[in-house]
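Okay, so here's the structure we're looking at.
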Amino acid sequence: MRKYKTQTQLFCTHCHCETDHRVIYIDKKISEIDCIACHKMTRIDFDIRSYFHRGLRERALTKPSRLAQEYRRSHRAFLNGLSLRMISKPYRIAKDLKRSKHIIDRYKKDHHNPN
Ligand SMILES: [Zn+2]
């Protein structure tokens, strides 16, 4: 799970004109939109825990096909990267889960969301 922000022009219902807005995403979902001119913020509520679990399930289901794609692309690179991947995988998973927990906790705090 990743959190990132972009900036785009949107119509602000408070300023009544198009202004720059900061848009915060959690993966592919919009979490917050705020007008840079007047700072009016809109939070988009969704069930972040079930979104997180659905993402984990999809990643687990597509893993074999992703590995097959990497293998077809380059056999040598796949085999060279395999041992390193097996060593670093538990660390990457732990790091990813820790980051996801931080994002979920922060989202729940900001959105006052009991889910
Ligand atoms: Zn505004």
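The values are calculated or read from the model by the stated rules, or taken from the named source; none is laboratory data. Everything numeric here is computed off the predicted structure, so don't read it as measured data. Virtual Cβ from ideal backbone geometry, glycine too; neighbours counted across all protein chains shown.
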I'd like the residue in the range 2-18 that is without any contact (Cβ under 8 Å) to a residue 24 or more places away in the chain and within 30 Å of His53 (Cα to Cα) and, out of all such residues, is farthest from the chain's Cα centre (by Cα).
Thr8
In the range 1-26, which residues are of a type in the set (Lys, Arg) and within 9 Å of the ligand (Cβ to nearest atom)?
none
Regarding the range 22-38, can at least one residue be identified that is without any contact (Cβ under 8 Å) to a residue 12 or more places away in the chain, surrounded by 11 or more Cβ atoms within 10 Å (Cβ to Cβ) and farther than 14 Å from Lys108 by Cβ?
no
Take Asp47 and decide whether it is under 26 Å from Lys108 (Cβ atoms), away from the ligand (no atom under 16 Å from the Cβ), touching a residue at least 60 places away in the same chain (Cβ under 8 Å) and under 22 Å from the mean Cα position of the chain (by Cα).
yes
Quick check: anything in the range 31-39 more than 16 Å from the ligand (Cβ to nearest atom), in a strand (DSSP E or B) and not assigned by TED's automatic domain parsing to the domain that holds Lys108?
yes
